[in-house]
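Heads up, the thing below is written out as structure tokens.
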There are 2 protein chains.
Amino acid sequence: MSSILLNCMGAVTDHSEYSEPEVLFKNPQIHVKNPQLDTMEEDILYHFNLGTKTHNLPEMFGDIKPGMGVPSISIMLHKLIKLLHHARCIDFALFRIGTSGGVGLDPGTVVVTDKAVDCFFRAQFEQVVLGKVITRSTELDVGVSKELLQCSSELDDVPTVIGNTMCTSDFYEGQDRLDGALCSFSTEDKLEYLRKAYNTGVRNIEMESTVFRAMCHVCAIKINQSPMSLTFFDRENSVIKF
Amino acid sequence: MSSILLNCMGAVTDHSEYSEPEVLFKNPQIHVKNPQLDTMEEDILYHFNLGTKTHNLPEMFGDIKPGMGVPSISIMLHKLIKLLHHARCIDFALFRIGTSGGVGLDPGTVVVTDKAVDCFFRAQFEQVVLGKVITRSTELDVGVSKELLQCSSELDDVPTVIGNTMCTSDFYEGQDRLDGALCSFSTEDKLEYLRKAYNTGVRNIEMESTVFRAMCHVCAIKINQSPMSLTFFDRENSVIKF
């Protein structure tokens with residue numbers, strides 16, 4: 001069985017070398033699959049207003065995060081699922097790994113997602129289709145989470161827990177941050193909400209998990225056989241400790 | 001007055017003076033709505049890798065274009081509004097221009113947004129804050145739209161209309177596309193929904209307008225004096241004709 005790794009924003013890694021991991025170590029730089037690029041005098045990334053001649057890209061970008069949230073990942077998922085279908089892929093698993101804000105955890109703790117829940121702590125995702133709200137389950141086989149947790153026990157210095165992952169549609173107000181352009185609540189309000197979340201089993205917060213789970217659930221992508229949980233790394237500066 | 005152009009994913013202007021337009025002239029700098037900012041030693045716009053102590057924001061600010069959908073643009077809007085605030089920008093306007101799917105229009109028609117509406121054709125945006133739904137208006141001064149339409153009349157070969165822009169959270173099912181990985185409706189269902197949308201005044205569909213309007217509305221960025229409408233170009237392959 002092969003695995004497909006989806007990074008933070010749902011960017012798909014280069015799959016072609018997954019089954020040959022040794023190649024990664026020989027040449028770890030990303031390989032784009034477009035020979036035309038080599039013939040261009042300059043490559044202009046026009047949606048970013050950047051160019052290879054006008055900007056020092058290696059210096060400027062150690063960290064890029066294009067596309068965030070349910071709409072972005074759902075666009076990618078529609079295409080990815082269709083791609084897997086057209087390519088007649090069989091016997092594969094999807095993993096999604098990304099950063100998240102931890103709730104009541106030490107920074108650096110890995111959270112293997114049990115349930116993906118919405119802002120009301122419900123394991124569901126609401127999709128509006130033709131003006132009607134359709135509610136989809138985000139439940140997956142709990143055995144998969146336990147299997148992933150078991151794997152982590154074989155690693156040193158990687159604290160790992162199973163917990164619920166809360167998915168929000170907003171990074172600031174939706175994740176009770178105090179440093180947005182809009183903030184109508186106090187630190188106490190924030191902590192009260194996070195305590196509620198913690199008490200329902202939430203251990204981290206991010207912005208894509210429910211639609212990822214829901215779409216996989218609807219498409220029945222080997223839910224019983226294949227791990228399809230999310231694994232998140234806590235973001236140090238947003239970890240909430242009680 | 002200077003203008004700030006937000007491409008595709010949208011950008012923002014100063015909203016804070018909506019109910020007191022005369023204040024704009026007395027103190028035209030953008031007012032963010034978060035008293036917490038004043039207590040911070042430094043404000044780090046970490047998705048932009050910028051900080052108020054490490055960067056000269058008034059000197060640096062230009063034009064940023066990340067992501068797709070409400071979550072992505074809202075992240076950018078929070079940062080942009082704060083950036084405009086920190087940069088002490090005055091007397092400016094925000095325009096957002098991007099592609100969209102037209103409804104009942106010829107391909108290439110420019111739509112100047114009158115109302116930004118949700119999938120239920122309501123001129124509002126729902127934001128969940130600490131587990132509670134907050135409903136924000138997306139209404140703006142209609143005079144601005146008419147002014148933009150008037151400008152367009154001076155251009156040859158640019159068919160332009162004023163209409164409502166519908167904002168969805170999904171590109172496929174949410175915009176009644178038949179070519180997603182999931183599709184539970186027929187062509188007839190799709191056309192029926194689009195006819196309903198058209199009859200309520202919708203002329204195009206995209207994924208960011210409501211939160212853009214709502215955040216601008218809350219921050220009251222020169223709504224009476226400055227144009228802040230969205231202008232969209234119809235995407236040829238998604239135009240629905242009746």
Can you tell me which residues in the range B:168-190 are of a type outside the set (Asp, Glu) and surrounded by fewer than 15 Cβ atoms within 10 Å (Cβ to Cβ)?
B:Leu178, B:Ser184, B:Ser186, B:Thr187
Considering (1) touching a Lys or Arg at 6+ places or on another chain (Cβ under 9 Å); (2) assigned to a loop (DSSP other than H, G, I, E, B), say which one A:Ile90 fails and leave the rest.
(1)
State which residue is modelled with the lowest pLDDT when the search covers only the range B:63-77 and only residues that are of a type outside the set (A, V, I, L, M) and in contact with a helix residue (DSSP H, G or I) (Cβ under 9 Å, 6 or more places away or on another chain).
B:Lys65
Taking B:Asn224 as the residue in question, decide whether it is modelled with pLDDT of 90 or more and assigned by TED's automatic domain parsing to the domain that holds B:Asp118.
no
For the range A:183-195, name all the residues that are at the interface with chain B (Cβ under 7 Å from one of its Cβ atoms) and under 23 Å from the mean Cα position of the chain (by Cα).
A:Tyr193
Check B:Glu192 against each of (1) part of a loop (DSSP other than H, G, I, E, B); (2) among the charged types (D, E, K, R); (3) modelled with pLDDT of 90 or more and name the one condition it does not meet.
(1)
Looking for whichever is modelled with pLDDT under 90, crowded, with 23+ Cβ neighbours inside 10 Å, farther than 28 Å from B:Cys216 by Cα and touching a helix residue (DSSP H, G or I) at 6+ places or on another chain (Cβ under 9 Å) here; the options are A:Thr160, A:Thr165, A:Thr138, A:Thr113. Which one fits?
A:Thr113
The condition from (1) away from chain B (no Cβ under 11 Å); (2) under 18 Å from the mean Cα position of the chain (by Cα); (3) modelled with pLDDT of 85 or more that A:Glu208 misses is numbered (1)
Only one of B:Gly102, B:Gly98, B:Gly67 is in contact (Cβ under 8 Å) with a residue 24 or more places away in the chain and not in a strand (DSSP E or B); which?
B:Gly67
Collect the residues in the range B:105-121 that are in a loop (DSSP other than H, G, I, E, B) and on the phi < 0 side of the Ramachandran plot, keeping them in residue-number order.
B:Leu105, B:Asp106, B:Pro107, B:Thr109, B:Asp118, B:Cys119, B:Phe120
Only one of these conditions is not met by A:Glu59: (1) in a loop (DSSP other than H, G, I, E, B); (2) modelled with pLDDT under 75; (3) exposed (fewer than 14 other Cβ atoms within 10 Å of the Cβ); (4) within 14 Å of another protein chain (Cβ to nearest Cβ). Which number is it?
(1)
Please state which of the following conditions B:Gly174 fails to meet, knowing it meets all the rest: (1) out of contact with any Lys or Arg (no Cβ under 9 Å at 6 or more places or on another chain); (2) modelled with pLDDT under 90.
(2)
When you go through (1) in contact with a strand residue (DSSP E or B) (Cβ under 7 Å, 6 or more places away or on another chain); (2) facing chain A (nearest Cβ under 10 Å); (3) at pLDDT below 90 one by one for B:Gly180, which number turns out not to apply?
(1)
Among what's in the range A:141-154 and is among the acidic types (Asp, Glu) and within 21 Å of A:Ala220 (Cβ to Cβ), pick the residue that is nearest to the other protein chains (Cβ to nearest Cβ).
A:Asp141
Hey, A:Lys53 among the basic types (Lys, Arg), at pLDDT 80 or above and more than 29 Å from A:Lys115 (Cα to Cα) or not
yes
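The values are calculated or read from the model by the stated rules, or taken from the named source; none is laboratory data. Computed from a predicted structure; not experimentally measured. No Cβ is skipped: glycine too gets one built from the backbone with ideal geometry, and neighbour counts run over all protein chains shown.
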